[in-house]
Amino acid sequence: MTVVNLGEVFYRTVREHGIEGGASAMARIQRFPIELVEIDQKLALAAATLKADSGFGYADCFVVACAQSRRAIVVTGDPDFQKVEYLIAIEWLPSAQSL
């Protein structure tokens, strides 16, 4: 997970559940074996190129660029990723609507 995407998780959680909810989400994330990837120039330009070419969400472009650079699988339930499924391997989680 890039630090950009971590920030996205935090702000969305704070917006919906307040600062305490955001802090709780960060504590839960730290318990998982998730590597936090810093953004360097190469990753930033790869994400920006994807954004320019696809119109895909900018923060989501970091997910794709990171997965491509590390040959990693993206785990998501976000249906927007169907737009870039041809670029990366995706493991689909159940969407909120199907739960």
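Structure summary
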item: Segment 41-79: number of residues that are more than 17 Å from MET1 (Cβ to Cβ) and of a type in the set (D, E, K, R); result: 3
item: Condition met for VAL14 (touching a residue at least 12 places away in the same chain (Cβ under 8 Å) and over 18 Å from ILE88 (Cα atoms)); result: no
item: Any hit, segment 62-74, residues being in a loop (DSSP other than H, G, I, E, B) and surrounded by 14 or more Cβ atoms within 10 Å (Cβ to Cβ); result: yes
item: Which numbered condition SER54 misses (of (1) in contact with a Cys (Cβ under 8 Å, 6 or more places away or on another chain); (2) at pLDDT 95 or above); result: (2)
item: Odd one out for GLU35, checked against (1) touching a Leu at 6+ places or on another chain (Cβ under 7 Å); (2) touching a residue at least 24 places away in the same chain (Cβ under 8 Å); (3) within 18 Å of PHE10 (Cα to Cα); result: (1)
item: Scan of segment 28-41 for residues that are part of a helix (DSSP H, G or I) and under 15 Å from the mean Cα position of the chain (by Cα), ordered by number; result: ILE29
item: From ALA44, ALA59, ALA25, residue being assigned to a helix (DSSP H, G or I), surrounded by 15 or more Cβ atoms within 10 Å (Cβ to Cβ) and not assigned by TED's automatic domain parsing to the domain that holds ILE90; result: ALA25
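The values are calculated or read from the model by the stated rules, or taken from the named source; none is laboratory data. Here the structure is a predicted model, which is why all the values come from computation and not from measurement. Please note: Cβ atoms are built from the backbone with ideal geometry, for glycine as well, and neighbour counts cover all protein chains shown.
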